[in-house]
Amino acid sequence: MNFCPRIAREDYNSRGDYIPAWRKYARMHKSVKLSEMECDLGNFGAYSPAYITTNEDWRFAMHELNPKNKSVLTVAGSGDQPIAFAIAGARNIDTFDTSFFADVIMNMKTSAIQTLNLDEYNLFISGLADAKSVRDIPQYEKIAGKCPRETIIATKQMHGCKIFHNGIGLYKEYMPTESEYKTAQEVIKQPINFIWSDLQNLHSHLNKKYDVIYLSNIFEYFRDGTKITNVLNNLENFLNVNGQIMLYTSWVHTHVSEAIVEAAKKCGWGTIKSHEIKNAVMLTLTKTR
């Protein structure tokens, strides 16, 4: 699949705001009642906006997963997840996401790490959320030389659209510290590989095995245990023995995490563990055979 700016721009209105597919459908077919699940899933698409920062306690996740010298497949998300794995010493990192702009923000962040000091990086990130043009982003001209050409072209083609406007904004507590940023500068020297795919079709794009597969909170939006089980069984072929799939992370266990556990239990090839600290929980599925 290739980036198509004409189609991408059709997903944004004249104010630059993203309009999910379900909202467009609802306007055209006012007599049709959409389910909550359809609305949730419809908020994410091939050209939905990227998050500017993660809202996950990635330090806790890295401590529990211990990815040093391991191969990793992670959701690209805000770009913070693969950067976190790089800081934690992962030796080989691939990413995936349903949205093309997750790759764009990831490339911009890894380029910024190679060219900006920490204060400049923080200013750069804080300027992303409401930017409708690359000219609105602080420090953009400094990082442009390190960005992949496709990223630069895409940001210019999306002029006027808020492509980094997902979520509720900046989570300062998950920004890198001075020492973490220094480590990132030492280990991130080039763009990180990206697979443009949603989770249900991800397995069809894979050709190697990983020690860690990090799925963030994607299953939160599935609402169907059978689909979760099917996704995990499809990914099992690409997970090394003793490898882990991160299923879900949050502040507390909820009915969502309980439903994910029930779906994962049906796989039969791994063991489920809940990792917990005071303000965070994480579920993992470890391949045992």
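The values are calculated or read from the model by the stated rules, or taken from the named source; none is laboratory data. These numbers were taken from a predicted model, which means no experiment stands behind them. In this analysis, Cβ positions are derived from the backbone assuming ideal geometry, glycine residues included, and neighbour counts consider all displayed protein chains. Calculation scope for accessible area: heavy atoms of the full protein, side chains included, ligands and nucleic acids excluded. Shrake-Rupley method; radii C 1.70, N 1.55, O 1.52, S 1.80 Å.
Annotations
- Residue tally, condition open to solvent by 10 Å² or more (accessible area, probe 1.4 Å), touching a residue at least 40 places away in the same chain (Cβ under 8 Å) and more than 14 Å from I228 (Cα to Cα), over region 243-274: 2
- Residue pairs whose Cβ atoms lie under 9 Å apart, separated by 6 or more positions or on different chains, with the first residue in region 120-145 and surrounded by fewer than 20 Cβ atoms within 10 Å (Cβ to Cβ) and the second charged (D, E, K, R) and in a loop (DSSP other than H, G, I, E, B), are A129/K162; D130/K162; K132/R15; K132/K162; D136/D130.
- Top-ranked residue in region 1-23 [being in a loop (DSSP other than H, G, I, E, B) and among the small types (G, A, S); ranked as farthest from A46 (Cα to Cα)]: S14
- Restricting attention to region 88-109, the residues that are β-branched (V, I, T) and either surrounded by fewer than 24 Cβ atoms within 10 Å (Cβ to Cβ) or touching a strand residue (DSSP E or B) at 6+ places or on another chain (Cβ under 7 Å) (or both) add up to 3.
- Taking the numbered list (1) touching a residue at least 40 places away in the same chain (Cβ under 8 Å); (2) open to solvent by less than 70 Å² (accessible area, probe 1.4 Å); (3) not aromatic (F, W, Y) in turn, K209 passes all entries but (2).
- Criterion applied to L283, L202 was being open to solvent by less than 50 Å² (accessible area, probe 1.4 Å) and more than 30 Å from A112 (Cα to Cα), and the one residue passing it is L283.
- Total residues in region 219-232, condition within 11 Å of T249 (Cβ to Cβ) and open to solvent by 10 Å² or more (accessible area, probe 1.4 Å): 1
- Selection from region 82-105 of residues that are in contact with a Pro (Cβ under 9 Å, 6 or more places away or on another chain) and small (G, A, S): A84, A88, G89, A90, S99
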